[in-house]
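The values are calculated or read from the model by the stated rules, or taken from the named source; none is laboratory data. If you're wondering where the values come from, they're calculated on a predicted model, not measured in any experiment. Because the Cβ atoms are built from the backbone with ideal geometry, glycine has one as well, and the counts that use them run over all protein chains shown. Surface accessibility is based on the protein's heavy atoms, side chains included, excluding ligands, DNA and RNA. Shrake-Rupley method; radii C 1.70, N 1.55, O 1.52, S 1.80 Å.
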Amino acid sequence: MYVDIEYYKNTYKGNLEDTEIEKALNQASRHIDTLTYNRIVAVGFDNLSEYQQEIIKECACLLADWEVENADYITNLLSSYSLNGASMSFSGNSATAQVVNGIAISREIYSHLQKCG
């Protein structure tokens, strides 16, 4: 994980329940690896600049919060549906969210993550 529970609670001041923090942070860290094509893993987190590390930590917290708050939205993304001639589809993108490498993410969080290179 890029962020531990102590950082989440004391520095970021997150509001997730204690029972869901670790799981959410772990998933957010894995999703960040996917979004960055494992470049952080290849270089090593400790080899990044302090600025890059701080962006990644903040994004891990933001993404954990966003994924928990929007779990229903993320898991129920409608790709296509048809019933009696009426059909609906969802491309995976909206005004506030997008799907990148199979990961649903807030456009704002993804833009922030891109700052770290």
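Okay, residues lined up against (1) under 18 Å from Val68 (Cβ atoms); (2) out of contact with any strand residue (DSSP E or B) (no Cβ under 7 Å at 6 or more places or on another chain); (3) at pLDDT 95 or above:
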residue: Asp18; (1), (2), (3): yes, yes, no
residue: Ala24; (1), (2), (3): yes, yes, yes
residue: Ile32; (1), (2), (3): yes, yes, yes
residue: Leu35; (1), (2), (3): yes, no, yes
residue: Asn38; (1), (2), (3): no, yes, yes
residue: Phe45; (1), (2), (3): no, yes, yes
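Within region 18-57, track down each residue that is acidic (Asp, Glu) and either closer than 26 Å to Val99 by Cα or open to solvent by less than 40 Å² (accessible area, probe 1.4 Å) (or both). Once the filter is applied, which keeps residues that are acidic (Asp, Glu) and either closer than 26 Å to Val99 by Cα or open to solvent by less than 40 Å² (accessible area, probe 1.4 Å) (or both), region 18-57 yields Glu20, Glu22, Asp33, Glu54. Applying the criterion of at least 2 residues that are under 18 Å from the mean Cα position of the chain (by Cα), of a type in the set (A, V, I, L, M) and more than 15 Å from Lys115 (Cα to Cα) to the helices (runs of 4 or more DSSP H) found wholly in region 1-82 leaves 18-35, 50-69, 71-75.
Annotation note: of Ser106, Ser89, Ser94, Ser82, the sole residue that is at pLDDT 90 or above and among the hydroxyl-bearing types (Ser, Thr, Tyr) is Ser106. For the criterion of being among the hydroxyl-bearing types (Ser, Thr, Tyr) and at positive phi, Tyr51 fails.
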